[in-house]
Amino acid sequence: MKPASEGARSETLSGVLGFPETVIEVGPTHPGVRHVMTGAGSAASFLVSLDDERITELEVEIGLAHRGFEKEVESRPWSFALPYVGRLGHGAGVIAEVGYCLAVERLAGVVLPDRAIWLRMLVCELARVVDHFARLAAVATAIGLPAAQAAAAQAEIEAARLLRVATGRGPLAGWACLGGVASELPDRFFTGWPSASASLLEILGRYERVGVRNPSCIARLSEVAPLSREGCEAWGVTGPIARASGSPNDVRRDAPYLRYASVDFDVPVGESGDDFDRLLVVVEEVRQSLRIADQCQSLLRSLGPGAIQASRTGWEGSGAPDGSARFEAWLEGPPVPAGEVALSVESSTGELGFLVVSDGDGLPRRIRCRAPSFLHAQAMPAMLRGAQLDDLLPTAALLHLVAGECDR
């Protein structure tokens, strides 16, 4: 804690207000370490100006994990970008992988097998559940509800274990690939699904009982850090945060990709746009994601065995006449025709968009990523100006800023 006159960035505030405010810095923590409060890698540090305990100004400092993502992937073949794309997210990096693959596949005119489409949907929803439970655990920690935090942490572990069974690998191991997916679901996933999904729903109900309905939770989060629907539109806020403010937008329903138009699910919408509404929306989204995943696994059962990758004849060099030519074609990447495609998917944090541009060779001409956490970080000062200092961490936990999305 230090008087504002000691920091050059705070001299303007002191001069305008006529007295030295207290300025404290919250964070940073290492971007690669999951933060106990925010539930993800620390995406930012916060410079908070205080009048007593009231926040008068907030500076959100990002850039702690900057690695030049867009330029890195533009210098590599199309398929080599996937490890970078997956690290845009934390627990739900596979959603970013699927979004990127869909954009490139649309540009290349690749038609996916039905089974690969349903597999992608199932795994994306499981990843969303994992990430949402991490968010719920972080909120419970921030407001001091250990029973709720333990329930959410247990559910996150169980959901992550289920995701690992489905993909056969960890959350950042590149399960999605251009033209399909890397592996089929094992039989033990289908046999274990009924008990696993029932367990997750039971734990979610327990979280609601000991957390959401707890009077201290209601008191701590109600009327805290509100953002109107108009404010969301002005700042570009999307996802659960915008839906808590009354915006019914969800890319899965409004601009369906994969097979989302063929499944039944509801889009939860709040009213006041405060932290409590955000919590309610995230809780209900977990329930809806499990509902979608259940429909996906039922349809996969009925489809039976089938291809999980598109035919690659003439793509990525599989039609080359000899081994050296095939290797060269693989190294250079798939011959994506010249053109551009813009495509968005619904990630666990909001609308995640990709613009891919090709000039016809094996390297991208331009890749642009529209990541929700970057925009949500810009909206934080508008949400928290006038709030109390102890409202900062619950709000940061609910926004669930992801370092990989903020710093591209």
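Summary table
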item: Enumeration of residues in region 49-72 that are basic (Lys, Arg), modelled with pLDDT of 80 or more and out of contact with any strand residue (DSSP E or B) (no Cβ under 7 Å at 6 or more places or on another chain); result: LYS71
item: Matching entry among PHE46, PHE80 (being within 18 Å of ALA397 (Cβ to Cβ), in contact with a helix residue (DSSP H, G or I) (Cβ under 8 Å, 6 or more places away or on another chain) and at pLDDT 80 or above); result: PHE46
item: Breaking point among (1) under 28 Å from ASP294 (Cβ atoms); (2) in contact with an Asp or Glu (Cβ under 7 Å, 6 or more places away or on another chain); (3) surrounded by fewer than 21 Cβ atoms within 10 Å (Cβ to Cβ); (4) of a type outside the set (S, T, N, Q), for GLU208; result: (2)
item: Single unsatisfied condition, ALA103 versus (1) in contact with a Pro (Cβ under 9 Å, 6 or more places away or on another chain); (2) among the aliphatic types (A, V, I, L, M); (3) surrounded by fewer than 23 Cβ atoms within 10 Å (Cβ to Cβ); (4) not in a strand (DSSP E or B); result: (1)
item: Residue ID - surrounded by the fewest Cβ atoms within 10 Å (Cβ to Cβ), chosen from residues in region 252-289 that are closer than 17 Å to HIS376 by Cα and β-branched (Val, Ile, Thr); result: VAL281
item: Of all residues making up region 61-76, the number that are more than 30 Å from GLU25 (Cα to Cα), of a type outside the set (Val, Ile, Thr) and surrounded by 20 or more Cβ atoms within 10 Å (Cβ to Cβ); result: 0
item: Cβ pairs under 7 Å, 6+ apart, first in region 366-380 and in a helix (DSSP H, G or I), second of a type in the set (Phe, Trp, Tyr) and at pLDDT 90 or above; result: LEU375/TRP235; GLN378/TRP235; ALA379/TRP235
item: Pick from region 54-73, criterion of a type in the set (Lys, Arg) and not in a strand (DSSP E or B), ranking: nearest to VAL356 (Cα to Cα); result: LYS71
item: The listed residue being without any contact (Cβ under 8 Å) to a residue 60 or more places away in the chain, crowded, with 17+ Cβ neighbours inside 10 Å and not polar (S, T, N, Q), out of ALA166, ALA176, ALA198; result: ALA166
item: Selection from region 360-392 of residues that are surrounded by fewer than 24 Cβ atoms within 10 Å (Cβ to Cβ), out of contact with any strand residue (DSSP E or B) (no Cβ under 8 Å at 6 or more places or on another chain) and not aromatic (Phe, Trp, Tyr); result: GLY360, ASP361, GLY362, LEU363, LEU375, ALA379, ALA382, ASP390
item: Near pairs, Cβ below 9 angstrom, 6+ apart or cross-chain, from region 107-118 (in contact (Cβ under 8 Å) with a residue 24 or more places away in the chain) to any residue that is part of a helix (DSSP H, G or I) and of a type in the set (S, T, N, Q); result: TRP118/GLN297
item: Residue among GLY180, GLY192, GLY170 that alone is of a type in the set (Gly, Ala, Ser), at positive phi and either assigned by TED's automatic domain parsing to the domain that holds GLY86 or within 16 Å of the chain's Cα centre (by Cα) (or both); result: GLY180
item: Pair list, Cβ < 8 Å and 6+ apart or interchain, from region 258-279 residues that are among the basic types (Lys, Arg) to residues that are in a loop (DSSP other than H, G, I, E, B) and buried (at least 17 other Cβ atoms within 10 Å of the Cβ); result: ARG278/GLY270
item: Residues satisfying the stated conditions in region 148-177, i.e. touching a strand residue (DSSP E or B) at 6+ places or on another chain (Cβ under 9 Å) and part of a loop (DSSP other than H, G, I, E, B); result: TRP175
item: Those residues of region 284-330 which are modelled with pLDDT of 95 or more and of a type in the set (Val, Ile, Thr), in sequence order; result: VAL286, ILE292
item: Count - residues of region 393-405 that are out of contact with any strand residue (DSSP E or B) (no Cβ under 9 Å at 6 or more places or on another chain) and either of a type in the set (Val, Ile, Thr) or assigned by TED's automatic domain parsing to the domain that holds ARG54 (or both); result: 1
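The values are calculated or read from the model by the stated rules, or taken from the named source; none is laboratory data. Predicted model, so just to flag it, every value in this text is computed and none were measured. Note: ideal-geometry Cβ built from the backbone for every residue, glycine included; neighbour counts use all protein chains shown.
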